[in-house]
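Data block below; observations after.
The values are calculated or read from the model by the stated rules, or taken from the named source; none is laboratory data. Treat the numbers as computed from the prediction; the structure is a model and nothing was measured. Every residue, glycine as well, gets a Cβ built from its backbone with ideal geometry; the counts of neighbours run over all protein chains shown. In case anyone asks, the SASA skips ligands and DNA or RNA and just uses the protein heavy atoms, side chains included. Shrake-Rupley method; radii C 1.70, N 1.55, O 1.52, S 1.80 Å.
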Amino acid sequence: MLQRTKATVSMGFVTGMLAGMQRRGQDCTLLLRNSGIDLADPASRVPIAAYAALYNRATEQLHDEGFALFSRPMPPGSFEFLCRSVLSAPTLAEALARACRFLKLVLPDLAVGIRRQQGRAELVIGETRHLAEHPDDPGRVFAFEWLLRLLHGLACWLAGRGLGLDSVVFPYRRPPHAADYPLIFTEDSRFAPTVPGGMGTLVASFNANLLELPIRRDEAALNAFLDGAPGKITTLYRRDREMVIRVRDLLRAALPATLSLDDIAARLHLSSRSVHRRLEEEGSSFRGIKDALRRDLALARLAKSDDSIAQLAADLGYADTSAFYRAFVDWTGMAPAHYRRQLQESKAERTDKGDER
């Protein structure tokens, strides 16, 4: 049975991240110390927060968001511009298509594409040049892990929900830290070693219907998301955030009633302090979950229903419409009615373009 260790990652992800620096003969001691990581014990596990901190410090020190793993540096700011290039896409399909085109410019060593067939979709990441002499080189392994995590995490964030990967085939032998793959990627993680001299290809399969999901983020949400990114993306949409999920489910089931942290703790038969600590360990907070739930439900309702703003506010547990109005402006930078009008205009424009074709 898989041991689900919460909010930590295997040391294997750290050694992979640092492989490019070590090839260059760079000393990583200070970098690790400043991130609170001891590389001396390869069996130890690294807290997610420390791993995210190392991620950001490494790219800052290298001036390379690709960790010195590729034939040319990935310029600082690449992740931000990737996010900005996809933010205005109407659907996840278009967002991923834009991401593929952007990555071709900044990451020529790996070709990324999306394929559809018989109700299935595949995210394909293939080498265009050998990333390492040996196919199981830790840096090569990390390069595939990193880019899949980056694109999958970004896609989840854009859609405002976790997106399940049905299976992933990785182009190398099963690494020592593969026990973490079900938590980060999918239970159905397979390994197909690249033949000697050949180019490796990773294939992640998922339901094609997910590509039609609308993009639910805007400029205000992006600015908040970029605080701590791209290392922050390692903490998002992991499958081991059990307390976050349980709290969110309880809050949603109780609507339009609003539950306090004490209410949640009582229903979970835990102390409020224990719930607070568990949420903190999983990189979240009670207030953050509550706000995110209301935000996601509000955006979905505005997109899919004609319910009045007052009715929507009441259904989400707001005491009055003005409180909902203020919260919505904080989330999106615009009033609810303006947001709905923009969605309707965008939908009408896409319909007109479809008719023209």
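Of a type in the set (K, R), closer than 30 Å to Y318 by Cβ and free of Cβ contacts under 8 Å to residues at least 12 places away in the same chain, is that true of R273?
In short, yes.
Find all pairs meeting these conditions: Cβ atoms under 7 angstrom apart; at least six residues apart or on different chains; first residue within region 186-214 and of a type outside the set (K, R); second residue open to solvent by 30 Å² or more (accessible area, probe 1.4 Å) and in a helix (DSSP H, G or I).
P214/A303
Which condition number in (1) open to solvent by 10 Å² or more (accessible area, probe 1.4 Å); (2) small (G, A, S); (3) at pLDDT 90 or above; (4) in a helix (DSSP H, G or I) is the one that G20 fails?
All conditions pass for G20, except number (1).
Of everything in region 97-147, what is free of Cβ contacts under 8 Å to residues at least 24 places away in the same chain and either in contact with a Cys (Cβ under 9 Å, 6 or more places away or on another chain) or within 21 Å of R24 (Cβ to Cβ) (or both)? Give them in sequence order.
Hits for region 97-147 are A111, G113, A132, E133, H134.
Evaluate the following for F324: is it under 27 Å from A89 (Cβ atoms) and surrounded by 14 or more Cβ atoms within 10 Å (Cβ to Cβ)?
no
Please go through region 169-228 and give me each residue that is exposed (fewer than 15 other Cβ atoms within 10 Å of the Cβ), assigned to a helix (DSSP H, G or I) and not small (G, A, S), ordered by number.
N209, E212, E219, N223
Would a scan of region 165-173 turn up a residue that is touching a Gly at 6+ places or on another chain (Cβ under 8 Å) and among the polar types (S, T, N, Q)?
The answer is no; no qualifying residue exists.
Does at least one position in region 245-264 carry a residue that is crowded, with 19+ Cβ neighbours inside 10 Å, assigned to a helix (DSSP H, G or I) and of a type in the set (D, E, K, R)?
no
I need the full set of residues from region 298-317 which are open to solvent by less than 30 Å² (accessible area, probe 1.4 Å) and either of a type in the set (A, V, I, L, M, F, W, C) or in contact (Cβ under 8 Å) with a residue 12 or more places away in the chain (or both), in order please.
Residues satisfying the conditions are A298, L299, A300, L302, L312, A313, L316, G317.
Sort out which residues of region 265-309 are of a type outside the set (D, E) and not in a helix (DSSP H, G or I), and write them in order of number.
L268, H269, L270, S271, G283, S284, S285, S305, S308
Given the conditions (1) at pLDDT 95 or above; (2) open to solvent by 30 Å² or more (accessible area, probe 1.4 Å); (3) within 30 Å of K304 (Cβ to Cβ), and given that T128 satisfies all but one, which numbered condition is not satisfied?
Of everything listed in (1) at pLDDT 95 or above; (2) open to solvent by 30 Å² or more (accessible area, probe 1.4 Å); (3) within 30 Å of K304 (Cβ to Cβ), T128 misses just condition (3).
Could you tell me which numbered condition Y172 fails, if it satisfies all but one of (1) within 22 Å of E65 (Cα to Cα); (2) over 13 Å from the mean Cα position of the chain (by Cα)?
Every listed condition holds for Y172 apart from (1).
Among G160, G153, which is of a type in the set (G, A, S), under 26 Å from T91 (Cβ atoms), under 15 Å from the mean Cα position of the chain (by Cα) and open to solvent by 10 Å² or more (accessible area, probe 1.4 Å)?
Exactly one residue qualifies, and that residue is G160.
Has region 49-64 got at least one residue that is under 22 Å from V169 (Cβ atoms) and in contact with a strand residue (DSSP E or B) (Cβ under 6 Å, 6 or more places away or on another chain)?
Scanning region 49-64, I find no residue that is under 22 Å from V169 (Cβ atoms) and in contact with a strand residue (DSSP E or B) (Cβ under 6 Å, 6 or more places away or on another chain), so the answer is no.
State which residue pairs qualify: first residue surrounded by fewer than 23 Cβ atoms within 10 Å (Cβ to Cβ) and inside region 54-65, second residue aromatic (F, W, Y) in any location, beta carbons under 8 Å apart, and separation of 6 or more residues or different chains.
Within 8 Å, the pairs are T59/F67.
Please name all residue pairs, on different chains or six or more residues apart, with Cβ atoms under 6 Å, provided the first residue is in region 70-94 and is more than 15 Å from N56 (Cα to Cα) and β-branched (V, I, T) and the second residue is assigned to a helix (DSSP H, G or I) and open to solvent by 10 Å² or more (accessible area, probe 1.4 Å).
The qualifying pairs are V86/R98; T91/E212.
Determine if region 97-118 includes at least one residue that is closer than 19 Å to E65 by Cα, crowded, with 16+ Cβ neighbours inside 10 Å, among the small types (G, A, S) and under 19 Å from the mean Cα position of the chain (by Cα).
yes
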